[in-house]
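Asker: Structure provided below as structure tokens; questions to follow.
The values are calculated or read from the model by the stated rules, or taken from the named source; none is laboratory data. Computed from a predicted structure; not experimentally measured. When we count neighbours, we look across all protein chains shown, and the Cβ atoms used for this are built from the backbone with ideal geometry, even at glycine. When the accessible area is computed, the model is the full protein with side chains, heavy atoms only, and any ligands, DNA or RNA have been set aside. Shrake-Rupley method; radii C 1.70, N 1.55, O 1.52, S 1.80 Å.
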Amino acid sequence: VDNNTLVPTSIFIKNVNFDSTEEALSNPFRRIEGFRLLSIAKKVDQKNPSGPKLSMGYGFCEFGSKGQALDAIKRLQGVSVDGHSLELKLSEKTGEKKSSQKSKRDRGKTSKLLVKNVAFEATVQDIRNLFKAFGQVKNVRLPKKFDGTPRGFAFVSFVSDGEAEAAKNALNDAHLYGRHLVIEYAEDENENLDELVAKATKKAKKSVEQRPERSKREETDGGYGEMYG
């Protein structure tokens, strides 16, 4: 028996109705053997910080084994909950560890990701909560300008290349605070996060200096915050 099939495995659930409750969302999943728990990702309401947290439009569902999770995806892909057709993907947080040796096809893949088009109101914890379902997040950085305002991009560092790949593949169409995230591999996996942040910040400043006609929005995020829908 493949031990990986006996490890509790999570499903990433996209396109969740913002008004859906965890109880309503869990109903179709409860009918599948091995269901353990379900949660909807939430954020603080900036207009009412002490009030109920708001849904972020996605969630996670855990099953007792990888086989049961795959069965749930097969049977429930596209199921409608509160008028929204759910998009399901397997989270590789508990999946097989991949070899550290890279093939030619894997060149360019690293354990560090560059996340562009990040909303200014997003926090380090928001980013961490979004990515942690796909593996062990070592660090998250949200570069800021000298005046303390965010630049509109972030760096996320995972323990392994495989975890970063899983997060990139699953979240490249994700939205955070209404902005479509654009995720790429960081250029040099041998650089630490501080070096990557410094390089990206320098690149952003140079870009602004060369393009004085750019809008205030672009000057703030260094070209990493273009609207993608």
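Asker: For the pairs 66/112; 74/116; 145/168; 14/74; 109/138, flag any whose C-alpha to C-alpha distance is greater than 24 Å.
Answerer: Listed pairs above 24 Å: 66/112; 74/116; 145/168.
Asker: Can I ask one more? Modelled label-to-label distance, residue 147 and residue 87, 7 Å Cα→beta-carbon offset: nm?
Answerer: Using points 7 Å along Cα→Cβ, the separation is 3.6 nm.
Asker: Let me ask you something else. Taking the solvent-accessible surface of protein heavy atoms with a 1.4 Å probe, what is the per residue accessible area of the range 8-97 in Å²?
Answerer: Per residue, the range 8-97 has an accessible area of 55 Å².
Asker: Pull up all non-local amide H partners of residue 11: gap of 5 or more, or a different chain, and H-to-H distance under 5 Å with H placed in the peptide plane.
Answerer: 61, 62, 63, 91
Asker: Can you report the principal axis dimensions of the range 12-69 using only the alpha carbons, biggest first, rounded to whole angstrom?
Answerer: 42, 18, 17
Asker: Moving to a separate point now. Rank-order 61-73, 144-156 by packing density, defined as the average count of other C-beta atoms within 10 Å over each peptide's residues, highest first.
Answerer: Taking the mean over residues of other Cβ atoms within 10 Å, the ranking is 61-73, 144-156.
Asker: Oh, and also: Quick one: if the Förster radius is 30 Å, what FRET efficiency do residue 45 and residue 22 give, using the C-beta to C-beta distance and rounding to 0.05?
Answerer: For residue 45 and residue 22, the calculated efficiency is 0.95.
Asker: Ok, one more. Assuming 0.36 nm per residue, please report the length gained on full extension of the stretch residue 53 to residue 160 beyond their Cα-Cα distance.
Answerer: Separation in residues times 0.36 nm, less the Cα-Cα distance, equals 35.4 nm.
Asker: Using a 1.4 angstrom probe and counting only protein chains, how large is the accessible area of residue 7 in Å², to 10?
Answerer: 50
Asker: Here's another thing I want to ask about it. Multiplying the sequence separation of residue 79 and residue 187 by 0.36 nm and subtracting their Cα-Cα distance, what value in nm do you get?
Answerer: In short, 35.0 nm is gained.
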